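These notes are about the structure you will find just below.
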Amino acid sequence: MTVRVGVIGAGWIGQEHIRRLTDVVTGAQVTAVTDIDAGRAATAAARVGARVLPDGAALVASDAVDAVLVTSWGPTHAEHVLNAIAAGKPVFCEKPLATTAEDCLRITEAEAAHGRRLVQVGFMRRYDRGYRQLKQVIDAGRIGAPLVVHCAHRNPTVPETYTSDMAALDTAVHEIDVLRWLLDDEIVSTQVVTPRSTSKRFPHLKDPQIMLFETEQGVRVDLEVFVNCQYGYDIQCEAVGEEGLVRLPDPAAAGVRTAGSHSTEVLTDWTGRFQDAFDTEFREWIAGVAAGEEPTGPSAWDGYAATAITAATVEALHSGQVVATALKPRPAFYDTE
């Protein structure tokens, strides 16, 4: 079966996923595209022989669309995902699932009322080979009970439009999701410490930030978010347990010995670092849709948790206090993930 995918949002990430579904993933065909910019939608659609539809509602309702991919502006996500659920169509939504916890909960309630999982959220780190190796080690008990996790998320630089709040909302959100998955544990509190800021930042930005999380089982997590580190795109994660530790491997790179030094390349952007994870994410999603199965990736509930925890982290940044995440109890509908 070929899964006919309609794409809502033809910006950079939308176009990248259209390319991926067309050139990399088997069993998928992009049949419809819509975007607030009609010209951009037409350009993206023409490249793959898809039709252009006037808006997200028309795309979801189209008989030419079996599954929906949402890559539009974040505040529009909830509307499109809810429309897809109402139509009974599988929907892959890039993060965030919605920009407010309340809208995320509306989505989880609609999906539970439908009675079957339809929603997957685009947290691609769960599909990265290194993170999957970490998960296998932790789940197998090879390091004993996890006690502490150390993380770093570093970018060489960010544009002037990047704000201090985005360190949580756009950057740390990936660690927040993957940590919940790695530990099979919930984050219950968050705190942000701001050390001396780098001179390489724009004046309005607090950078770096140290985010401190506590989980329900008492694991402590420290996350360094440093988005003007200059030297490259660097993702680190180390879990320390009662009987050992496990560390996320660096991306494979050739070691070069020359002129009295030994060096390896450091990647400079997130697309190169997680390209394979994106490909795996969409291969598995399309395969599941084609088989008529419920998605096994990050759920609407995971999307809600990420949005609620990042909002609490922004509050912690501005208040200087430890802030409880105050998550709602997880519905039984999501207990079989």
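Of everything in the range 147-191 that's among the β-branched types (Val, Ile, Thr) and in a loop (DSSP other than H, G, I, E, B), which residue is nearest to residue 267 (Cα to Cα)?
Keep residues of the range 147-191 that are among the β-branched types (Val, Ile, Thr), which gives 148-149, 157-158, 161, 163, 171, 173, 176, 178, 187-188, 190.
So of that shortlist, the ones also in a loop (DSSP other than H, G, I, E, B) come out as 157-158, 161, 163.
Details: 157: 13, 158: 15, 161: 23, 163: 23 Å.
Checking each candidate, the answer is 157.
When residue 299 is tested against (1) farther than 30 Å from residue 26 by Cβ; (2) touching a helix residue (DSSP H, G or I) at 6+ places or on another chain (Cβ under 9 Å), just one condition goes unmet, and that condition is (1).
Once the range 192-223 is narrowed to residues that are acidic (Asp, Glu) and not in a loop (DSSP other than H, G, I, E, B), the residue that is surrounded by the fewest Cβ atoms within 10 Å (Cβ to Cβ) is 222. Of the helices (runs of 4 or more DSSP H) lying entirely inside the range 6-80, the ones with 1 or more residues being in contact (Cβ under 8 Å) with a residue 60 or more places away in the chain are found at 12-23.
Per-residue answers, yes or no, for (1) more than 19 Å from residue 24 (Cβ to Cβ); (2) β-branched (Val, Ile, Thr); (3) not assigned by TED's automatic domain parsing to the domain that holds residue 14; (4) not in a helix (DSSP H, G or I):
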site	(1), (2), (3), (4)
249	yes, no, yes, yes
253	yes, no, yes, yes
257	yes, no, yes, yes
263	yes, no, yes, yes
281	no, no, no, no
288	no, no, no, no
313	yes, yes, yes, no
318	yes, no, yes, no
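Please determine, by comparing only the residues of the range 149-168 that are crowded, with 20+ Cβ neighbours inside 10 Å and among the aliphatic types (A, V, I, L, M), which one is farthest from residue 202 (Cα to Cα). The residue in question is 149.
Hey, does the range 230-242 have a residue that's in contact with a Gly (Cβ under 9 Å, 6 or more places away or on another chain) and either surrounded by fewer than 19 Cβ atoms within 10 Å (Cβ to Cβ) or not assigned by TED's automatic domain parsing to the domain that holds residue 137 (or both)? For the range 230-242, residues in contact with a Gly (Cβ under 9 Å, 6 or more places away or on another chain) and either surrounded by fewer than 19 Cβ atoms within 10 Å (Cβ to Cβ) or not assigned by TED's automatic domain parsing to the domain that holds residue 137 (or both): present.
The values are calculated or read from the model by the stated rules, or taken from the named source; none is laboratory data. Keep in mind it's a predicted model, so treat the numbers as computed, not measured. Cβ atoms come from the backbone with ideal geometry, glycine included; neighbour counts cover every protein chain shown.
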